[in-house]
1. How many percent of the alpha carbon pairs in chain B exceed a separation of 33 Å?
2. Enumerate the calculated ³J(HN,Hα) couplings along region A:240-248 in order (Karplus 6.51 cos²θ - 1.76 cosθ + 1.60, θ = phi - 60°), each rounded to whole Hz, writing x wherever the residue is Gly or Pro.
3. Residues of B:276-287, mean number of Cβ from any other protein chain within 10 Å of their own Cβ, rounded to a whole number?
4. Can you figure out the FRET efficiency of B:Glu156 with B:Arg217, using R₀ = 30 Å and their beta-carbon distance, to the nearest 0.05?
5. Compute the Rg to Rh ratio over chain A from the alpha carbon atoms, using the Kirkwood formula for Rh, and round to two decimal places.
6. Per residue, how much accessible surface does the protein assembly as shown expose to a 1.4 Å probe? Answer in Å², no decimals.
7. The protein assembly as shown: Rg/Rh from Cα coordinates, Kirkwood Rh?
8. Divide by every residue of chain B the summed helix terms, -39500 (n - 2.57) for each DSSP H run of at least 4, and state the resulting mean residue ellipticity at 222 nm, rounded to the nearest 500 deg cm²/dmol.
Amino acid sequence: MVIPMAGSGTSHLRPSEKPLLTVENLTVEFPARRRKVVSAVSNLSFDLLPGETLGLVGESGCGKSSTGKAIIQLPPPTSGTVTLGNTELTALSGKELRQQRTRLQMIFQDPISSLNPRKNVFDIVEEPLRIWNLGDAEERDRRVTECLHAVGVDVDGARERKPHEFSGGQCQRISIARAVVTEPELIICDEPVSALDVLVQAQILNLLEEMKQRFGLTLVFVAHDLAVVKNISDRVAVMYLGKICEIGPSEAIFSNPAHPYTEALLNAIPVPDPSVQVDSSDHLRGDLPSPIDPPAGCRFHTRCERATDVCSRVEPQMAPVGNGHYVACHHPLITPVEISRSVGTTVTPTD
Amino acid sequence: MTSEETPVGTLPGTGALLDVRDLSTRFDSPRGAVRAVSNVSLSLERGQTLGIVGESGSGKSVLSRTIMGLLPRSTASVTGEIIFEGEDISGFSDDQYRQFWGTEMAMIFQDPMTALNPVMKIGKQITESLRRHMGMDRTTAHDTAVELLRSVRIPEPAKRFDVYPHQLSGGMRQRVVIAVALACGPRLLLADEPTTALDVTIQAQILDLLEDQQRERYMAMILVTHDLGVVAGRAHKIAVMYAGRIVESAPTRKLFADMKMPYTEALMSAIPRLDAPPHTKLSAIRGRPPQLVNPGPGCAFAPRCPYARDLCSEERPVLRPVEDDPDHLFACHYPVDSAESIEIKDHLRAEQMVAEAAGGGDSDGW
Ligand SMILES: Nc1ncnc2c1ncn2[C@@H]1O[C@H](COP(=O)(O)OP(=O)(O)OP(=O)(O)O)[C@@H](O)[C@H]1O
Ligand SMILES: Nc1ncnc2c1ncn2[C@@H]1O[C@H](COP(=O)(O)OP(=O)(O)O)[C@@H](O)[C@H]1O
Ligand code: SF4
Ligand code: SF4
Ligand SMILES: [Mg+2]
Ligand SMILES: [Mg+2]
């Protein structure tokens, strides 16, 4: 008899590898009407090693932004822990938290509206330094100049012009400069390229890689497009309705997806090749169910073609399917492996 | 769906549904005339899809709005011809256009919220236009609207009839917008980035839906996007726009198999590929499209083009057909397969290899 557990487990965490960030059993709830709750994030766990980029991917409304905001404690999660280095952020007082805040920054999806429209761009980038009281005027000036230069924004122009005078791509560069200015260890990028066209998207993805090398950053990169996520991530976590359904090394997730939802996300990516036939029968049907009263058992069962009776009753637990590659599914696309054998084994599809 | 046997020229015995000839749109502005669209010609048959592709600011929306007659008459001036079913509609009055909208041509926009009335129930938004344009009575309009909602795959359409737009998800809203647009059976649907605001799974659903509806109704469609991936499997032919002009156009397969314009190549190679390993540096041309006030004499792409030579900034290349192929047009002095461009490409590749061997990824793409 399987006892349904509250979450899908934490077997995919890597405590022995000294993660920079560990998120454990993160739950974010919002009040809804008639005393119900929106369960935006449910018992989510993942970790990030220093210098790693984790891609967080899933449909709109699956809880990606709520996760990012809970990590920076704006607002703090309903329950669960967020550990940065040795510091457990959810346990801190307001003052202690403020001391930690320069170590964490966030970049938002809508580049133009996330910047203060009344200030010039130089001041916007300098602001975090002033808020946290870092450096004197001269040092701040030097640091802002360095960061603007690094992202390719003209420094003199930045002193004179306000955000609306810049294009969406330029505003995203400004957001990146503002995020790196306090020398953070971790940056959460919440769909930084979703509102941009393909050319600007390519520029920004390249820029993020470069900033990561230059400033020694660790990144959480949120997106809904798996092709974008694959390009930038070392490790990918696929989210569905507040939970992680698959996590693993980028390459493994793409060459050997184990979760039916991951496969559906892959099938949805438009292929820039007219000889590849678009097959609408591969496309996921329906919308994300409501996070108020989410489906029981596996939350994906209402849209999953492989669903059986057990899926609607029992929540699947994270199980290894390859080296560092875990899936929470009763009928995964590749066979689970014993943890002891997982290192170095090649995984073959079941059917 | 694209297929080899799709005729690209005019079908025997039928004229083109839409024939745009030498269309230009200018806006008055304090800085001078903004030449948003310049000398665009294109044609479209019934049942066909034309993809219009270009980055932000290349003039795709202004072109679509010009064809639809949706521009402010006070600041926009339009020259050229828009021949729809044999009749030039470019000189139509607002009243004449109003008769056209919905029944002959309809448009869907990127942001579904702007197209819907936020304080009107979605069912009513459809029945209104059915009653106005098709003269239906209340009951017939209601039943037709429910059927339409069903056909755009709104679950439980009779129940959803009475909800407001904000009660629906982004994907559902766009489906309602499509239902409104299709209500009066237009012959031409202009879809201006209908999926850019949506995530990939919903994008795939909406594009499937548009394709099914188009096939069922034998409707012509113009699909505007910045992503060549979106039109690759869905358009019969593609026109690439830059700085208000069509710079390359061809049947879809031909365009992908044999692209001539450096700009088309740049749009293509910026797309992250699923078959490339993580951390592959994307090829990203630098800069943004030019301001469209007082354009210089040369090729508008010259400041960003890796293959540009002196001639490019002196003389604007004319749109001309590929040898022996009147269907494939391009405007470039040194197309990507010319000896001059291949030489530069080899040179750039060698430089890149040297840079990579030296271990420092250089910062181009800014
Ligand atoms: N009403 C207007 N008055 C003046 N200039 C305008 C007006 N509308 C558009 N433009 C200009 O015309 C050019 C083309 O704009 P358009 O909106 O057609 O681009 P687009 O290709 O649709 O871009 P996007 O991908 O951002 O939608 C831009 O330079 C824009 O600033
Ligand atoms: N402040 C809030 N109040 C109520 N519900 C919210 C709030 N923020 C997010 N939600 C809900 O939580 C769920 C997850 O949202 P979000 O984290 O923004 O998803 P994503 O970023 O993946 O699109 C959604 O159903 C959303 O409507
Ligand atoms: S657990 Fe069942 S419903 Fe969930 S993804 Fe796996 S097969 Fe589908
Ligand atoms: S004409 Fe010259 S600048 Fe313009 S696209 Fe061709 S090679 Fe590039
Ligand atoms: Mg979000
Ligand atoms: Mg547009």
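1. Roughly 35 percent, rounded to a whole number.
2. 9, 6, x, 10, 8, 9, 7, 9, x
3. Details: counts 3, 5, 14, 10, 5, 6, 12, 3, 10, 3, 3, 2.
Rounded to a whole number, the mean comes out at 6.
4. Working: r = 24 Å, r/R0 = 0.80.
Efficiency computed from Cβ-Cβ geometry: 0.80.
5. Working: Rg = 21.0 Å, Rh = 21.4 Å.
Over the Cα atoms of chain A, Rg/Rh equals 0.98.
6. Values: 31090 Å² over 717 residues.
Roughly 43 Å² per residue, with all protein chains present.
7. Numbers: Rg = 26.5 Å, Rh = 27.4 Å.
With Rg and the Kirkwood Rh in hand, the quotient comes to 0.97.
8. On the way: 13 runs with 125 residues, N = 366.
For chain B, the value works out to -10000 deg cm²/dmol.
The values are calculated or read from the model by the stated rules, or taken from the named source; none is laboratory data. Bear in mind the structure is a predicted one, so any value in this text is a computation, not a measurement. All Cβ positions, glycine included, derive from the backbone under ideal geometry; neighbour counts span all protein chains shown. Heavy atoms of the whole protein, side chains included, go into the accessibility calculation; ligands, DNA and RNA do not. Shrake-Rupley method; radii C 1.70, N 1.55, O 1.52, S 1.80 Å.
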